[in-house]
Every structure is written in C-alpha cells, then in structure tokens.
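Please read the structure below before turning to the comments.
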Amino acid sequence: MINQQDSPVTTETISTLVANVESALLGKERAVRLSVVALLAGGHVLLEDAPGLGKTSLARALARSLGCEFNRLQCTPDLLPSDIVGSNVYLPNTGEFEFRPGPVFAHVLLADEINRTTPRTQSALLEAMSEHQVSVEGETRALPSPFFVIATQNPFEFEGTYPLPENQLDRFMVCLDVGYPDYDTERDILTRHRSGDPVETLKAVTDGETILQLQEQVAAIRVDDAISEYLLAIVHASREHAELSLGVSTRGALTLYRAAQAMALLGGREYVIPDDIKELVIPVLGHRIVCRGSSSEGQRHKSGEVLEGILASVSIPV
C-alpha cells in the first residue's frame with residue numbers, strides 16, 4: 001500500500017474525487033472510475049452512447065469537482081478549427097493583431113458531440129491532445145496544465161455524424177459507453193432530480209496543482225517485468241489475430257501501461273497487478289483495433305469480443 005505520510009498527495013484525495021462525482025451520477029461507477037484513471041494518467045476520455053444517458057453530466061461533474069477552468073465546445077457541422085484554437089484579430093485602433101484564445105485554452109475541455117463536426121475541425125484537437133499546445137498562424141502556444149479533454153459522441157448510426165478517424169481515436173486514452181441505468185437506479189435518479197440537477201450543487205474537492213502531483217505519482221508506480229510481458233503478449237496477440245485487420249500500436253501499448261499505473265494508484269497500491277491490465281484492456285484498446293468486415297455500428301461490440309478472447313488465451317503472470 002502507498003505510505004500516506006510519505007506521499008505529498010494521499011490516495012484519500014482520489015477517493016474523495018471519485019465519491020464526489022459519483023454522488024451526482026447514480027449507477028455510473030465504472031465510467032467515473034475509468035475517467036478518473038485517464039485524468040491521473042494524463043490522458044483523455046471519449047464517451048460514446050445514445051443521447052440522454054449522462055455523458056455530458058459526467059463531464060460537467062468532473063470539471064466541477066476539479067475546481068479548474070472549464071470550457072464547453074458544442075460541436076456542429078459548421079464549426080471551424082479557429083473556433084477551437086482561437087485566431088488573431090486585427091485591432092484598427094492600434095494597427096496590430098491580437099490573439100483571441102479559443103475554448104481549448106482551459107484545464108478541462110468538454111467537446112460535446114464531437115462526431116457532429118467535420119474531420120477537418122476534429123483534427124484541430126490532435127496537436128492539443130497530443131502535445132498540450134496549439135499552432136496558430138505559425139506561432140506555437142502552450143495550453144494550461146493539467147489539460148484534460150472529455151469528448152462525447154453519439155453512435156455512428158445517428159444521422160449527421162462523422163466517424164472519428166483512427167489517428168483521432170488513438171489520442172483518447174479510454175473510450176466508454178455510459179449505458180442505461182437499472183430500474184431501481186433510474187427511480188432514484190428521478191427522485192434526486194425533483195429539485196434540480198445534482199451536478200449543479202457539486203463543490204470542488206481538489207485543484208489543478210493537486211492533479212499534477214498525482215500525475216507525478218502515477219509515473220512512479222512500479223510495473224514488474226512479468227506484468228510488462230503480460231501486457232506485450234496481449235498487444236502482440238492482437239496483431240496476429242485472424243479477425244483483426246489492425247492490431248494495437250506501440251502508442252496503444254504505452255497508453256495501457258500508463259493507465260495501469262493510474263489504476264494501481266486509484267487502488268492505493270505502489271505496483272500494478274494483472275487485474276489492472278484486465279480491467280483496462282477493452283476501454284483502452286477497444287477503439288484502437290479494427291475488425292475485418294465489421295460495420296461502424298458493430299465494430300465496438302466485435303472488438304470487445306475479440307479482446308475478451310485474447311485475454312482468455314494469454315497466460316496470467318503469478
């Protein structure tokens with residue numbers, strides 16, 4: 001277990017953050033935990049599901065709990081790259097240009113319905129998500145730190161959507177579906193919304209500086225050689241699988257490695273265990289592989305089945 005006295009930020013901070021978000025989102029425990037894992041690992045989150053299931057509420061609840069600068073970007077077909085990163089504006093009174101930052105200049109950016117905007121505009125987020133910077137008219141500008149993107153998208157079969165290309169999907173650490181709540185949970189949700197949206201009452205339980213300290217602790221989590229071999233066996237099995245036309249890339253392997261470190265910290269451990277890898281394989285790798293002959297609609301379901309088969313075939317280290 002992590003020594004709470006030696007650690008500048010204790011795991012109690014993480015537990016408080018998770019509990020705070022879950023208090024406003026009943027029945028979404030898995031989505032909350034995995035979103036926090038991505039945050040701790042310095043990654044980004046893609047939430048995919050039908051409208052009205054809590055994707056935007058989860059993003060807003062996380063932003064409110066962090067107490068960081070938050071911007072929301074509503075993606076539409078007419079959105080331009082400059083609407084995201086900003087642009088230089090000419091000032092007639094001074095005869096000079098002034099940079100007006102776009103919504104990407106925030107600690108937490110919610111890109112709502114990202115697949116409703118065009119691929120050209122989607123690509124404007126690539127540099128920001130990969131390098132935490134943007135280039136505008138030849139000048140590079142650093143983004144605030146930490147920088148965390150939560151994007152939501154509707155399923156591909158919905159009218160007016162543009163599927164994200166593989167290089168854009170690869171920038172998201174985890175891809176999650178929120179899912180329908182069960183009967184009892186949905187009844188509780190109705191009761192809790194009688195007096196308003198619970199997300200609006202959330203208070204910040206941490207800040208950006210604390211998140212940066214936690215991210216440093218994630219990088220220090222120990223990964224045994226046997227765990228690394230287990231991870232690589234899963235990755236290489238995906239590249240040799242008969243039902244896949246595209247296996248997991250090296251970036252995907254590195255992403256799973258870092259996410260497993262964050263999962264260990266979330267569990268209060270200084271080391272990664274096989275269960276960390278197993279829990280993360282589908283949300284971290286499922287959107288990075290391509291199945292042969294599958295439509296966009298069936299791709300995600302089929303990729304999950306393939307990865308479950310790979311997990312069952314790879315020996316778990318003792």
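Given the convex hull over the Cα atoms of the stretch 221-318, what projected area results after averaging over all orientations, in nm²?
5.9
The packing ranking of peptides 115-123, 138-146, highest mean first, is 115-123, 138-146, where packing means the average number of other beta carbon atoms within 10 angstrom of each residue. Extending 7 Å from Cα along the Cβ direction at residue 278 and again at residue 194 yields two label points whose distance is 4.3 nm.
For residue 99, the residues whose amide H sits under 5 Å from its own are 89, ignoring neighbours fewer than 5 places away on the same chain, with H placed 1.01 Å from N. The magnitude of the dipole of the stretch 1-210, with charges of +1 and -1 set on the Cβ of Lys/Arg and Asp/Glu and taken from the Cα centre, is near 340 debye. Taken as Cα centroids, the stretch 11-36 and the stretch 228-290 sit 22 Å apart, rounded to the nearest whole angstrom. Electrostatic tally near residue 169: other residues with Cβ closer than 14 Å to its Cβ, Lys and Arg +1, Asp and Glu -1, net +1.
Between residue 69 and residue 89, the FRET efficiency from the beta-carbon distance, with R0 = 25 Å, is close to 0.75. Only lysines eight or more places from residue 278 in sequence, or on another chain, were considered; those with a Cα closer than 26 Å are 28, 55, 302.
For the stretch 45-72 versus the stretch 193-214, the inter-centroid distance based on Cα atoms is 11 Å.
Relative protection proxy for 57-66, 21-30, from highest mean packing down: 57-66, 21-30 (other beta-carbon atoms within 10 angstrom). Share of pairwise Cα-Cα distances greater than 21 Å in the stretch 137-275 is 66 percent (whole percent). Residues of the stretch 298-318 with amide nitrogen under 18 Å from the 7 Å Cα-to-Cβ point of residue 271? Counting only backbone N, you get 316-318. Ordering 41, 142, 202 by Cα displacement along the dipole of the chain toward the positive end leaves 202 in first place; charges were set at the Cβ atoms of Lys, Arg (+1) and Asp, Glu (-1). Net charge within 12 Å of residue 311 by Cβ-Cβ distance, Lys/Arg positive one each and Asp/Glu negative one each, not counting residue 311 itself? Once all neighbours under 12 Å are counted, the net charge is -3. With q set to 0.20, 0.21, 0.26 Å⁻¹, the log10 of I(q)/I(0) for the stretch 251-305, from the Debye formula over equal scatterers at the Cα positions, is -0.70, -0.74, -0.94. When you have a sec, figure out the Kirkwood radius of the stretch 1-210 from all distinct Cα pair distances and drop it here in Å to one decimal? Mean inverse Cα-Cα distance, inverted, gives 18.4 Å.
FYI, it's all coordinate maths here, none of it is from the lab. Owing to the predicted nature of the structure, the values given are computational and were not obtained by experimental measurement. Virtual Cβ from ideal backbone geometry, glycine too; neighbours counted across all protein chains shown.
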